[in-house]
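> I'd like to ask you about the structure that follows.
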Amino acid sequence: MAEPIQAVKGMNDILPPDSARWEWFEDTVRKLMRRYAYLNVRTPIVEHTPLFVRGLGAVTDIVEKEMYSFEDSMNGDHLTLRPEGTAGVVRAVVEHSALYDGGKRLYYIGPMFRHEKPQRGRYRQFHQVGVEALGFGGPDVDAEVILMCRALWKDLGLGEVRLDINSLGQPEERQAHRAALIAHFEAHRDQLDAEAQRRLHSNPLRILDTKNPAMQSLVEAAPKLIDFLGEASLKHFDGLKAMLDAAGQPYRINPRLVRGMDYYNLTVFEWVTDKLGAQGTICGGGRYDGLVELIGGKPAPGIGWGMGIERVLDLLQQLQVNPPLPVPDAYAVVPDAGALPLVTCTIEALREAGVCVQLHAGGGSMKSQFKKADASQARFALIFGGDELALGQVAVKPLRDASAAQILRPLADPAAWAHTLRAP
Ligand code: ATP
Ligand code: MG
């Protein structure tokens, strides 16, 4: 036998029955998007590397060390497997002048790629659902995108997700805060770890995001951005808070909440759970009013979020939320292969009428076929036996209800009795 070839480390196969959870999640997301009038967008998985370098900022974890970048051997182009969704969506919207007639509310679902150390909740190919609301500058849309996450938790049956919010203000306000931050960290240089030392002048805001326990008290004592916000930024933040309050959505203001990407301003938020260990952030997002212009479009505000599907599904499992698994309505038992043309014709008609029918393929004894029928969890067996067929009929045997009797149905018109097989 040939040496087996395995999947790439940190990239997972999603097989049945797990894939049913994924489909259920995606169906739930699509219904949610329809309720909020967000439309689907699909962009390529590969983009020109400079899109991410420009869009995310050169001094970010993603661009510094997590991107799958390569040279196109045909033409030397520098390409990258998308590590996140926003930059590509904004590029597409700019490229197609999609904002010419007003704002757009968009969503995507798909794989993202980051070269990280694989562990629970952290993979090299992972999946995100995300929304981008482009062309809207007010806190009303901030509240909208946050509350649609809450609606999703509810639809999924997830109770325990906490909301953290913060405001990053505007670039000038961040400059003033940045200067104060550098002064603070410089005064305590001996307490900084190597990564923080390196970031001190390039991206001091990211030091606040450190996971190093030894630096926590230093970070706690650092100057807070909120104290540097001007009137307009505070008004925007107050507007958001008023809408969340009115909607009865609790939140925590977390002054240390800074997003991994440079392009965020004003509102940032995260949905967090304690149930997933270190990888507790299941959704993160915020406003990025400068990004459209940075990508080469006419200035337009934007806000969005990205949600890690693996983490949400893991959390659902932790909380023992089990979606209904799809089972066939009926399992077709075929004692004699000679009957197959008639069987095929009948089950095709049933399927056309909306019944899920699994055909027993490959022959075998009645006993083994019934065993398979049982294992399929179908509610009925359709028995295409010689005696029944001779009468122009098929036997319908209830498999889940011992008290229900087997009955005969005419082969002539399956559509007439199809509804008796369909799930209630
Ligand atoms: P973290 O701090 O956990 O690295 P992040 O700030 O890099 O997260 P974002 O870039 O904001 O994450 O992505 C949005 C969401 O995507 C995260 O909140 C998380 O749920 C999910 N996510 C990010 N990276 C991964 C990964 N490598 N594997 C699985 N899910 C991920
Ligand atoms: Mg990360």
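The values are calculated or read from the model by the stated rules, or taken from the named source; none is laboratory data. Just so it is clear, the structure is predicted and the values come from calculations on it, not from any experiment. Neighbour counts run over all protein chains shown; Cβ positions are idealised from the backbone, glycine included.
> Could you pull out every one of the helices (runs of 4 or more DSSP H) wholly within the stretch 308-380 that has 3 or more residues that are within 18 Å of ALA418 (Cβ to Cβ) and modelled with pLDDT of 95 or more? Quick ask: steps written out before the conclusion?
Working: elements: 309-318, 340-352, 366-375.
Of the helices (runs of 4 or more DSSP H) lying wholly inside the stretch 308-380, those with at least 3 residues that are within 18 Å of ALA418 (Cβ to Cβ) and modelled with pLDDT of 95 or more span 340-352.
> Residue check: is PRO301 surrounded by fewer than 22 Cβ atoms within 10 Å (Cβ to Cβ) and either without any contact (Cβ under 8 Å) to a residue 12 or more places away in the chain or not assigned by TED's automatic domain parsing to the domain that holds ASP142 (or both)?
no
> Across the stretch 343-358, what is the number of residues that are in contact with a helix residue (DSSP H, G or I) (Cβ under 8 Å, 6 or more places away or on another chain) and surrounded by fewer than 15 Cβ atoms within 10 Å (Cβ to Cβ)?
2
> Could I ask something else about it? Residues that are modelled with pLDDT under 95 and either surrounded by fewer than 17 Cβ atoms within 10 Å (Cβ to Cβ) or under 28 Å from GLY230 (Cβ atoms) (or both): does the stretch 158-165 have at least one?
For the stretch 158-165, residues modelled with pLDDT under 95 and either surrounded by fewer than 17 Cβ atoms within 10 Å (Cβ to Cβ) or under 28 Å from GLY230 (Cβ atoms) (or both): present.
> Let me ask something else about it. Residue under question is ASP155, and the condition is that it be over 17 Å from ARG252 (Cα atoms), out of contact with any Pro (no Cβ under 8 Å at 6 or more places or on another chain) and assigned to a helix (DSSP H, G or I); does it hold?
Numbers: over 17 Å from ARG252 (Cα atoms): yes; out of contact with any Pro (no Cβ under 8 Å at 6 or more places or on another chain): yes; assigned to a helix (DSSP H, G or I): yes.
It is true that ASP155 is over 17 Å from ARG252 (Cα atoms), out of contact with any Pro (no Cβ under 8 Å at 6 or more places or on another chain) and assigned to a helix (DSSP H, G or I).
> Here's a follow-up. Applying the selection to the stretch 245-283, what residues are at pLDDT 95 or above, over 26 Å from VAL321 (Cβ atoms) and not in a strand (DSSP E or B)?
ASP245, ALA246
> Name the single residue, out of those in the stretch 285-307 being touching an Asp or Glu at 6+ places or on another chain (Cβ under 6 Å) and not in a strand (DSSP E or B), that is nearest to ligand 1 (Cβ to nearest atom).
Among them, the one singled out is PRO301.
> Consider only pairs whose beta carbons are under 6 Å apart and that are at least six residues apart or on different chains; among these, list those whose first residue lies in the stretch 198-220 and is more than 21 Å from GLY57 (Cβ to Cβ) and whose second residue is among the charged types (D, E, K, R) and surrounded by fewer than 15 Cβ atoms within 10 Å (Cβ to Cβ).
ASN212/ASP193
> (1) assigned by TED's automatic domain parsing to the domain that holds VAL53; (2) more than 16 Å from ligand 2 (Cβ to nearest atom): which one isn't true of GLY286, the others all being true?
(2)
> Restricting attention to the stretch 70-88, does a residue exist that is buried (at least 17 other Cβ atoms within 10 Å of the Cβ), of a type in the set (Lys, Arg) and within 17 Å of GLY284 (Cβ to Cβ)?
Checking the stretch 70-88: at least one residue is buried (at least 17 other Cβ atoms within 10 Å of the Cβ), of a type in the set (Lys, Arg) and within 17 Å of GLY284 (Cβ to Cβ).
> Okay, moving on. Enumerate the pairs (first residue in the stretch 397-413 and in contact (Cβ under 8 Å) with a residue 60 or more places away in the chain; second residue anywhere and part of a strand (DSSP E or B)) with beta-carbon separation below 8 Å, excluding pairs fewer than 6 apart on the same chain, so at least 6 apart or on different chains.
LEU399/TYR331; LEU399/PHE380; LEU399/ALA381; LEU411/GLN393; LEU411/VAL394
> Of these, HIS127, HIS48, which one is under 30 Å from LEU315 (Cα atoms) and either in the same structural domain as VAL258 (by TED's automatic domain parsing) or acidic (Asp, Glu) (or both)? Explain how you work it out, then say what you get.
Numbers: HIS48 fails: under 30 Å from LEU315 (Cα atoms).
After ruling out the rest, the residue left standing is HIS127.
> From GLU132, GLU116, GLU144, which residue is in contact with a strand residue (DSSP E or B) (Cβ under 9 Å, 6 or more places away or on another chain), more than 18 Å from TYR288 (Cα to Cα) and of a type in the set (Asp, Glu)?
GLU116
> Right, next: Those residues that are more than 11 Å from VAL327 (Cβ to Cβ) and surrounded by fewer than 12 Cβ atoms within 10 Å (Cβ to Cβ), I need them from the stretch 366-390; list them, please.
The answer is LYS367, GLY386, ASP387, ALA390.
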